[in-house]
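K.L.:
Please see the structure below; I have some questions.
The values are calculated or read from the model by the stated rules, or taken from the named source; none is laboratory data. Only a predicted model underlies this, so the values are computations on that prediction, with no experimental measurement involved. Cβ placement follows ideal geometry from the backbone for every residue including glycine, while neighbour counts extend to all protein chains displayed. Keep in mind that these areas ignore ligands, DNA and RNA; they rest on the heavy atoms of the full protein, side chains included. Shrake-Rupley method; radii C 1.70, N 1.55, O 1.52, S 1.80 Å.
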Amino acid sequence: MAHKLGIIGYGGMGAWHQESVDERIEAIAVKGVWDVREEACAKAAQKGLKVYASAEDLLADPELDMVTIATPNNFHRELSIKSLRAGKATICEKPVTMNAAELEDIIAVSRETGKLFTVHQNRRWDKDYLAVKQLLASGAVGRPYFLESRVQGSRGAMHGWRGYKLNGGGMLLDWGVHLLDQMLNLIDSPVVSVQAHLFGVFTPEVDDNIKLLLRFENKVSALLEMATNCFINLPRWHVSGTDGTAVVEDWACNGRVVKLSQAGDLAWDDDIVYTEAGPTRTMAPRPAYTTQVLPLPSPQPDWTEFYNNVVDAIDNGAPLLVTPQQALRVMQVIDLLFESEQQGRSMACYL
Ligand code: NAD
């Protein structure tokens, strides 16, 4: 086994990294972990993992060449910097930091030490996202101009440390970072304005239900919504393009593309709908024969590409799939979204 990984923070996600890497990544073996909680350390020991005495103890192990950080968000900056300085290739969970300035500190140390730093933006391997990416690349809906991306639950407040500002809690940092990372990778154009509506419906300190609007320089706009209080869900994705509409209903990627049967077929315009309050031609439903329904692309994502790319970058200098600069751009957008909420208006930018 060429590479040995240590994990700092052995809660839900730390355990997931350990199991996923040991089961699915041939080139890496997880050697051990450090967690501040005794139960987490005991769980790791039961699995036969080495339990270190502290983060410093783990980072001092010369056998480890890679470290994954999966603690609450407020520890990411300090632990990432310590890990890089200890000479380890460092993978940090999302959100990489609390804000862009913290990430800039990490990037400076990564440059200074020459050690690899990347962020676990695993939702780039979500099937629904990749389906939209392939759909846009295929041109099936023509030129896209408005994209809607939503994740909606109804479990109420942000759970545990995610409910506290000190820990970097809240929905914008928790899920916003995923949906923004996806959107910035879909639309190849600078962001020229952002607007946030952040609601703390159940969680007094942080946002738990949010709506974000982004405008890109190339005239594409995007709406991102994340909810913990939604009882009637809208589709995961809704894409408006000049030639048609696409809907991705759910994570499993059910959905469809609907577009004109023949380009420019607008010849059914005699239909008028009469409602109690008056007639409308513009909003009259289109007869079925004028449209065609196409299936969505069906990508087969492989999350192992994330860690295999890190190995390829260490061993062969391959370019990273998730670069610190991409993560920095997302954090800059997040900083501005918080400012938008504070000021109650949209913020111009060029990011
Ligand atoms: P969690 O509460 O389940 O686990 C966090 C663990 O870190 C706990 O066991 C805690 O004891 C430990 N910890 C706290 N401070 C520490 C410190 N200073 N040093 C060492 N250990 C410490 O939380 P989680 O859900 O596993 O989230 C951890 C990180 O993973 C967060 O940054 C979160 O945003 C991220 N996450 C990512 C995904 C994803 O899909 N990429 C999913 C869930 C969580």
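K.L.:
Looking at segment 9-41, which of its residues are open to solvent by less than 50 Å² (accessible area, probe 1.4 Å), of a type in the set (A, V, I, L, M) and free of Cβ contacts under 8 Å to residues at least 60 places away in the same chain?
P.N.:
Scanning segment 9-41 gives Ala15, Ala29, Val30, Val33, Ala40.
K.L.:
Also: Being part of a loop (DSSP other than H, G, I, E, B) and among the polar types (S, T, N, Q) is the filter; apply it to segment 91-123 and report the residue that is nearest to the ligand (Cβ to nearest atom). Walk me through it before giving the result.
P.N.:
Pass one, segment 91-123, residues part of a loop (DSSP other than H, G, I, E, B): 94-99, 114-116, 121.
So of that shortlist, the ones also among the polar types (S, T, N, Q) come out as 97, 99, 121.
Values: Thr97: 10, Asn99: 14, Gln121: 7 Å.
Going through the qualifying residues, I end up with Gln121.
K.L.:
Collect the residues in segment 152-165 that are within 12 Å of the ligand (Cβ to nearest atom) and either in a loop (DSSP other than H, G, I, E, B) or touching a helix residue (DSSP H, G or I) at 6+ places or on another chain (Cβ under 8 Å) (or both), keeping them in residue-number order.
P.N.:
Going residue by residue through segment 152-165, those that are within 12 Å of the ligand (Cβ to nearest atom) are 158-164.
Selection gives Met158, His159, Arg162, Tyr164.
K.L.:
Okay, next question. For residues that are of a type outside the set (A, V, I, L, M, F, W, C) and within 20 Å of Arg236 (Cβ to Cβ), scanning just segment 156-196, find the one that is most open to solvent (accessible area, probe 1.4 Å).
P.N.:
First, pick out the residues of segment 156-196 that are of a type outside the set (A, V, I, L, M, F, W, C): 156, 159-160, 162-165, 167-170, 174, 176, 178, 181-182, 185, 188-190, 193, 195.
From the residues that got through so far, the ones that are within 20 Å of Arg236 (Cβ to Cβ) too are 174, 176, 178, 181-182, 185.
Numbers: Asp174: 19, Gly176: 0, His178: 13, Asp181: 5, Gln182: 1, Asn185: 53 Å².
Per the criteria, the residue is Asn185.
K.L.:
So Leu234 passes all but one of these: (1) touching a residue at least 24 places away in the same chain (Cβ under 8 Å); (2) exposed (fewer than 11 other Cβ atoms within 10 Å of the Cβ); (3) of a type outside the set (S, T, N, Q). Which condition number does it fail?
P.N.:
(2)
K.L.:
Consider segment 275-326. How many of its residues are part of a helix (DSSP H, G or I) and among the hydroxyl-bearing types (Ser, Thr, Tyr)?
P.N.:
Applying the first criterion (part of a helix (DSSP H, G or I)) to segment 275-326 yields 288-290, 304-316, 324-326.
Within this subset, residues satisfying the condition of being among the hydroxyl-bearing types (Ser, Thr, Tyr) are 289-290, 304, 307.
So the answer is 4.
K.L.:
Here is a further query. Is it the case that some residue within segment 84-103 is touching a residue at least 12 places away in the same chain (Cβ under 8 Å), buried (at least 18 other Cβ atoms within 10 Å of the Cβ), more than 28 Å from Phe338 (Cα to Cα) and small (Gly, Ala, Ser)?
P.N.:
So far as segment 84-103 goes, yes, one or more of its residues are touching a residue at least 12 places away in the same chain (Cβ under 8 Å), buried (at least 18 other Cβ atoms within 10 Å of the Cβ), more than 28 Å from Phe338 (Cα to Cα) and small (Gly, Ala, Ser).
K.L.:
Which of the residues that make up segment 324-347 are open to solvent by less than 40 Å² (accessible area, probe 1.4 Å) and hydroxyl-bearing (Ser, Thr, Tyr)?
P.N.:
Here is the first cut: in segment 324-347, the residues open to solvent by less than 40 Å² (accessible area, probe 1.4 Å) are 324, 327-328, 330-331, 333-334, 336-337, 340, 347.
Hit for segment 324-347 is Ser340, nothing else.
K.L.:
Scan segment 45-67 for residues that are surrounded by 14 or more Cβ atoms within 10 Å (Cβ to Cβ) and either in contact (Cβ under 8 Å) with a residue 40 or more places away in the chain or touching a helix residue (DSSP H, G or I) at 6+ places or on another chain (Cβ under 6 Å) (or both) and report the count.
P.N.:
Residues that pass the stated criteria total 10.
K.L.:
Cβ-Cβ below 9 Å, separation at least six or inter-chain, first residue in segment 314-328 and aliphatic (A, V, I, L, M), second at pLDDT 95 or above and open to solvent by 80 Å² or more (accessible area, probe 1.4 Å): which pairs?
P.N.:
Between residues of segment 314-328 that are aliphatic (A, V, I, L, M) and residues that are at pLDDT 95 or above and open to solvent by 80 Å² or more (accessible area, probe 1.4 Å), the close pairs are Leu321/Glu305; Leu328/Glu104.
K.L.:
For the condition farther than 17 Å from Met347 by Cβ, touching a Gly at 6+ places or on another chain (Cβ under 9 Å), among the aromatic types (Phe, Trp, Tyr) and at pLDDT 95 or above, what is the one hit in Trp175, Trp161? Walk me through how you get there before you give the answer.
P.N.:
On the way: Trp175 fails: touching a Gly at 6+ places or on another chain (Cβ under 9 Å).
Exactly one residue qualifies, and that residue is Trp161.
K.L.:
To continue, here is another question. What are the residues in segment 53-90 that are within 10 Å of the ligand (Cβ to nearest atom) and either at pLDDT below 95 or not in a helix (DSSP H, G or I) (or both), if any? Spell out the reasoning first.
P.N.:
Pass one, segment 53-90, residues within 10 Å of the ligand (Cβ to nearest atom): 54-55, 58, 68-76, 78-79.
The answer is Ser54, Thr68, Ile69, Ala70, Thr71, Pro72.
K.L.:
Looking at segment 298-346, which of its residues are of a type in the set (S, T, N, Q), under 30 Å from Glu23 (Cβ atoms) and in contact with a Ser or Thr (Cβ under 9 Å, 6 or more places away or on another chain)? Write out each step before concluding.
P.N.:
In the first step, residues of segment 298-346 are kept if they are of a type in the set (S, T, N, Q); the result is 298, 300, 304, 308-309, 316, 323, 325-326, 332, 340, 342-343, 346.
Among the residues that remain, those that are also under 30 Å from Glu23 (Cβ atoms) are: 298, 300, 304, 308-309, 316, 323, 326.
Listed by number, the residues that qualify are Thr304, Asn309, Thr323.
K.L.:
Considering every residue within segment 195-217, establish whether at least one is modelled with pLDDT of 95 or more and within 30 Å of Leu84 (Cα to Cα).
P.N.:
no
K.L.:
Is it true that Val119 is out of contact with any Ser or Thr (no Cβ under 7 Å at 6 or more places or on another chain) and open to solvent by 10 Å² or more (accessible area, probe 1.4 Å)? Walk me through it before giving the result.
P.N.:
Numbers: out of contact with any Ser or Thr (no Cβ under 7 Å at 6 or more places or on another chain): yes; open to solvent by 10 Å² or more (accessible area, probe 1.4 Å): no.
No; evaluated as a whole, the condition is false for this residue.
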